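A.B. asks: Okay, handing you the structure first.
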Amino acid sequence: MTDLSKEARGLLSQKAYISRLTEVKRQCSIDGTEKFLFALEDGHRIESVLIPEEDRLTLCISTQVGCGMGCTFCLTGKSGLVRNLRSSEIINQVLTIQRSLTEGTRLTNIVIMGMGEPLANYNNTMKAIEILTHPLGPAIGARRITLSTSGLVPLIKRLGNSGLNINLAISLNASTDEQRNQIMPINKKYPLAKLLDSCREYPLKRNRMLSFEYVLLDGINNSPEDARRVARLLKGIRCKINLIPFNEFPGSAYKRPSEESVLAFQEILASHHYSVFIRKSRGADILAACGQLREE
Ligand code: SAH
Ligand code: SF4
């Protein structure tokens, strides 16, 4: 930066440095989804996924190397938590990928749904969001950012009071505590009643909704009774529901349900007046779909 004085450069090199992600691999799915594997400065690796759709270009970013929450259906969870990402490492996924796009193409949405539990890395994730949304920074609108959590109740409250105004998605994934305890160990600490109370109390702005994600695991949580119980659980919460048919990975213990059973599940929730979407599994051929990200 030769446009700065020597003095200023000297001061900057003492106090600051510009961190970088190194692109290790970039894979393209037949559906246009692209998966980026980045090396961090300490050699650990993370993945980010770019998802083009007709009217938007969404980037899914990671907040941790691995994840400590241990959900039994998730490949990222299998490796346990390696470490939290620094805020620069979270932001750099956005900046690096934005820079690699062809001119005139811009990211329209950011989903914090990659590797890791973002609320378990609360401070760094919040700082990254503050910078990404800052008018002097990338200035991405908070409405275009969605954070997904497995349900860390006290931190959901803290996020609600943070004034950040991003969208919140909750990974519900079960219709009873017994089921959820089995597939999401976090439920033993924050069971459904507590989790859903925190959702009811979440300070939603006008015209905004919570999202609930529900991974459909064949024979585990995808029966018509499950759908009816979900309808009851979410009563009174302004929300939409995203159904995610399980994405298989090598060695996974669960099966993806049939399309008919997925549609039947959707139909029951729709009949209770919920907006329910079936999440397409983008990039599954390159292990880029939900729950398929890891360090390689
Ligand atoms: N840790 C956060 C965000 C990352 S996971 C969370 O759990 O919400 C993003 C979403 O992928 C979650 O809704 C999770 O339930 C879902 N998911 C994880 N593994 C999956 C798999 N194998 N198939 C489909 N969805 C999966
Ligand atoms: Fe972690 Fe989310 Fe995977 Fe659970 S689903 S192990 S919280 S990344």
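A.B. asks: Would you point out the residue of the range 45-77, among those that are among the acidic types (Asp, Glu) and away from ligand 1 (no atom under 12 Å from the Cβ), that is least open to solvent (accessible area, probe 1.4 Å)?
C.D. replies: Filtering the range 45-77 for residues that are among the acidic types (Asp, Glu) and away from ligand 1 (no atom under 12 Å from the Cβ), the one least open to solvent (accessible area, probe 1.4 Å) comes out as Glu53.
A.B. asks: Between a first residue in the range 230-246 that is touching a residue at least 24 places away in the same chain (Cβ under 8 Å) and a second residue that is within 10 Å of ligand 1 (Cβ to nearest atom) and in a loop (DSSP other than H, G, I, E, B), which pairs have beta carbons less than 6 Å apart while being 6 or more apart in sequence or on different chains?
C.D. replies: Asn242/Arg279; Ile244/Arg279; Ile244/Cys290; Pro245/Arg256; Phe246/Leu217; Phe246/Tyr254; Phe246/Arg256
A.B. asks: So, one more: Of the conditions (1) open to solvent by 70 Å² or more (accessible area, probe 1.4 Å); (2) touching a Leu at 6+ places or on another chain (Cβ under 9 Å), Cys199 satisfies every one except a single condition; which number is it?
C.D. replies: For Cys199, the failing item is (1).
A.B. asks: Looking only at the range 1-37, count every residue that is among the charged types (D, E, K, R), farther than 29 Å from Ile61 by Cα and open to solvent by 100 Å² or more (accessible area, probe 1.4 Å) and tell me the total.
C.D. replies: Here is the first cut: in the range 1-37, the residues among the charged types (D, E, K, R) are 3, 6-7, 9, 15, 20, 23, 25-26, 31, 34-35.
Add one more test, that the residue is farther than 29 Å from Ile61 by Cα, and what stays is 3, 6-7, 9.
Next, from what is left, pick out any that are open to solvent by 100 Å² or more (accessible area, probe 1.4 Å): 3, 6-7.
Residues in the range 1-37 being among the charged types (D, E, K, R), farther than 29 Å from Ile61 by Cα and open to solvent by 100 Å² or more (accessible area, probe 1.4 Å): 3 in total.
A.B. asks: A follow-up question, please. Return yes when Ser211 is farther than 19 Å from Gly68 by Cβ and either of a type in the set (Phe, Trp, Tyr) or in a strand (DSSP E or B) (or both) and no when it is not.
C.D. replies: Yes.
A.B. asks: Looking only at the range 120-129, filter to residues that are of a type in the set (A, V, I, L, M) and surrounded by fewer than 24 Cβ atoms within 10 Å (Cβ to Cβ); which one of those is nearest to ligand 1 (Cβ to nearest atom)?
C.D. replies: Once the filter is applied, the top-ranked residue is Ala120.
A.B. asks: Oh, and also: Regarding the range 148-168, can at least one residue be identified that is within 16 Å of ligand 1 (Cβ to nearest atom), in contact with a Lys or Arg (Cβ under 6 Å, 6 or more places away or on another chain) and open to solvent by less than 30 Å² (accessible area, probe 1.4 Å)?
C.D. replies: yes
A.B. asks: Quick one: would you say Met69 is within 27 Å of Asn121 (Cα to Cα) and assigned to a loop (DSSP other than H, G, I, E, B)?
C.D. replies: Against the criterion (within 27 Å of Asn121 (Cα to Cα) and assigned to a loop (DSSP other than H, G, I, E, B)), Met69 qualifies.
A.B. asks: Quick one: in the range 237-267, of everything that is under 14 Å from Asn221 (Cα atoms) and of a type in the set (Val, Ile, Thr), which residue is nearest to ligand 1 (Cβ to nearest atom)?
C.D. replies: Looking at the filtered set, the residue picked out is Ile244.
The values are calculated or read from the model by the stated rules, or taken from the named source; none is laboratory data. Quick caveat, the model's predicted, so the values are computed rather than measured. Neighbour counts run over all protein chains shown; Cβ positions are idealised from the backbone, glycine included. Calculation scope for accessible area: heavy atoms of the full protein, side chains included, ligands and nucleic acids excluded. Shrake-Rupley method; radii C 1.70, N 1.55, O 1.52, S 1.80 Å.
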